[in-house]
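*Asks:* One structure, as structure tokens, below. Some questions next.
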Amino acid sequence: MPSLRMSANIFWQDCPIGKLDRQKLLNQKGCVVWITGLSGSGKSTLACTVGRDLHSRGKLSYILDGDNLRHGLNKDLGFKAEDRAENIRRVGEVAKLFADAGLICITSLISPYRRDREACRALFSDASFIEIFMNMPLELCEARDPKGLYKLARAGVIKGFTGIDDPYEPPLDSEIEIGLKDGICPPPSEMAGVVVSYLEENGFLHE
Ligand SMILES: Nc1ncnc2c1ncn2[C@@H]1O[C@H](COP(=O)(O)OS(=O)(=O)O)[C@@H](OP(=O)(O)O)[C@H]1O
Ligand SMILES: Nc1ncnc2c1ncn2[C@@H]1O[C@H](COP(=O)(O)OP(=O)(O)O)[C@@H](O)[C@H]1O
């Protein structure tokens, strides 16, 4: 396992074209839309719907999905607390690069621990870290169970499953919280509308 400490004798290399130049080219502001919530709460669905809406408005976004990244960049990580922390740390750093490239980077990870999410937020100096809490009840997520994982977790086949026998720490001050309305889950298009309106109102869809 390589050391995570910073190496000695390394220097920052500046380049003549910076984030502002790229944002001008794209006519948008680079940022991170960080979606957190239980498995089955609708993170990936929201990420894809926001991505499609932005695309149709001519805005460049890129989705970093926890499940997908665990097939490559993070395939050496499991679900112990320190592995989840390293997963979130890496995705935070990658998201920072995408935001620096001028893109609207949408992340979709359970990211269950507050401390790990706050460490990601701290990577961003301005308001360009936008946390979205998918506040869906465990009962709904478990009833959906599209991958059958809750069933396996309840049966004790999967240990340390978020919401069952591993904690989920809800955000205390997310920029956007999405929950049930009158006991019903709003359609993805409505949820995505809230996110895209936030981006519009906060100036991210123009440079
Ligand atoms: N033990 C355990 N706990 C939670 N989730 C589990 C577990 N084992 C496998 N899975 C599947 O992995 C997906 C979550 O990966 P993430 O990278 O988002 O997780 S984390 O942020 O590091 O907690 C998650 O995907 P989503 O359902 O899309 O959230 C699950 O399909
Ligand atoms: N707003 C919604 N209304 C109804 N069903 C939804 C909604 N969002 C997601 N779903 C469904 O719930 C399941 C889990 O959604 P998904 O986006 O995969 O969640 P997550 O990425 O958080 O695990 C999927 O079957 C999806 O079609």
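The values are calculated or read from the model by the stated rules, or taken from the named source; none is laboratory data. Model, not experiment: these values are computed from the prediction. Here the Cβ is made from the backbone with ideal geometry for all residues, glycine too, and neighbour counts use every protein chain on show.
*Asks:* With respect to the numbered conditions (1) closer than 23 Å to residue 89 by Cα; (2) within 14 Å of ligand 1 (Cβ to nearest atom), which one is the sole condition not fulfilled by residue 144?
*Replies:* Residue 144 satisfies every listed condition except (1).
*Asks:* Residues that are within 9 Å of ligand 1 (Cβ to nearest atom), among the hydrophobic types (A, V, I, L, M, F, W, C), buried (at least 22 other Cβ atoms within 10 Å of the Cβ) and on the phi < 0 side of the Ramachandran plot: does the stretch 35-46 have at least one? Quick ask: steps written out before the conclusion?
*Replies:* Our first condition is that a residue be within 9 Å of ligand 1 (Cβ to nearest atom); within the stretch 35-46, this holds for 36-41, 43-44.
Okay, now just the ones that are also among the hydrophobic types (A, V, I, L, M, F, W, C), so 38.
This time we only want the ones that are buried (at least 22 other Cβ atoms within 10 Å of the Cβ), so: 38.
Add one more test, that the residue is on the phi < 0 side of the Ramachandran plot, and what stays is 38.
Yes; the residues of the stretch 35-46 include at least one that is within 9 Å of ligand 1 (Cβ to nearest atom), among the hydrophobic types (A, V, I, L, M, F, W, C), buried (at least 22 other Cβ atoms within 10 Å of the Cβ) and on the phi < 0 side of the Ramachandran plot.
*Asks:* Can you confirm whether the stretch 145-154 contains a residue that is more than 15 Å from ligand 2 (Cβ to nearest atom) and either at pLDDT 95 or above or of a type outside the set (Lys, Arg) (or both)?
*Replies:* Going residue by residue through the stretch 145-154, those that are more than 15 Å from ligand 2 (Cβ to nearest atom) are 154.
Now drop any that are not either at pLDDT 95 or above or of a type outside the set (Lys, Arg) (or both), which leaves 154.
Yes, some residue in the stretch 145-154 is more than 15 Å from ligand 2 (Cβ to nearest atom) and either at pLDDT 95 or above or of a type outside the set (Lys, Arg) (or both).
*Asks:* Still on this model: When you go through (1) in contact with a strand residue (DSSP E or B) (Cβ under 8 Å, 6 or more places away or on another chain); (2) in a loop (DSSP other than H, G, I, E, B); (3) among the aliphatic types (A, V, I, L, M); (4) under 30 Å from residue 27 (Cβ atoms) one by one for residue 54, which number turns out not to apply?
*Replies:* (2)
*Asks:* Yes or no: residue 180 touching a helix residue (DSSP H, G or I) at 6+ places or on another chain (Cβ under 8 Å), more than 14 Å from ligand 1 (Cβ to nearest atom) and in contact (Cβ under 8 Å) with a residue 12 or more places away in the chain? Spell out the reasoning first.
*Replies:* Values: touching a helix residue (DSSP H, G or I) at 6+ places or on another chain (Cβ under 8 Å): yes; more than 14 Å from ligand 1 (Cβ to nearest atom): yes; in contact (Cβ under 8 Å) with a residue 12 or more places away in the chain: yes.
For residue 180, the condition - touching a helix residue (DSSP H, G or I) at 6+ places or on another chain (Cβ under 8 Å), more than 14 Å from ligand 1 (Cβ to nearest atom) and in contact (Cβ under 8 Å) with a residue 12 or more places away in the chain - is met.
*Asks:* With respect to the numbered conditions (1) buried (at least 21 other Cβ atoms within 10 Å of the Cβ); (2) touching a Leu at 6+ places or on another chain (Cβ under 8 Å); (3) touching a residue at least 60 places away in the same chain (Cβ under 8 Å), which one is the sole condition not fulfilled by residue 161?
*Replies:* Residue 161 satisfies every listed condition except (1).
*Asks:* Which condition from (1) within 16 Å of ligand 2 (Cβ to nearest atom); (2) farther than 20 Å from residue 134 by Cβ; (3) in contact (Cβ under 8 Å) with a residue 24 or more places away in the chain is the one that residue 94 breaks?
*Replies:* Single failed check for residue 94: (1).
*Asks:* Identify all residues within the stretch 101-113 that are away from ligand 2 (no atom under 16 Å from the Cβ) and crowded, with 16+ Cβ neighbours inside 10 Å; write none if there are none. Steps first, please.
*Replies:* Initially, the stretch 101-113 is screened for residues away from ligand 2 (no atom under 16 Å from the Cβ), giving 101-105, 113.
Selection gives 102, 103, 104, 105, 113.
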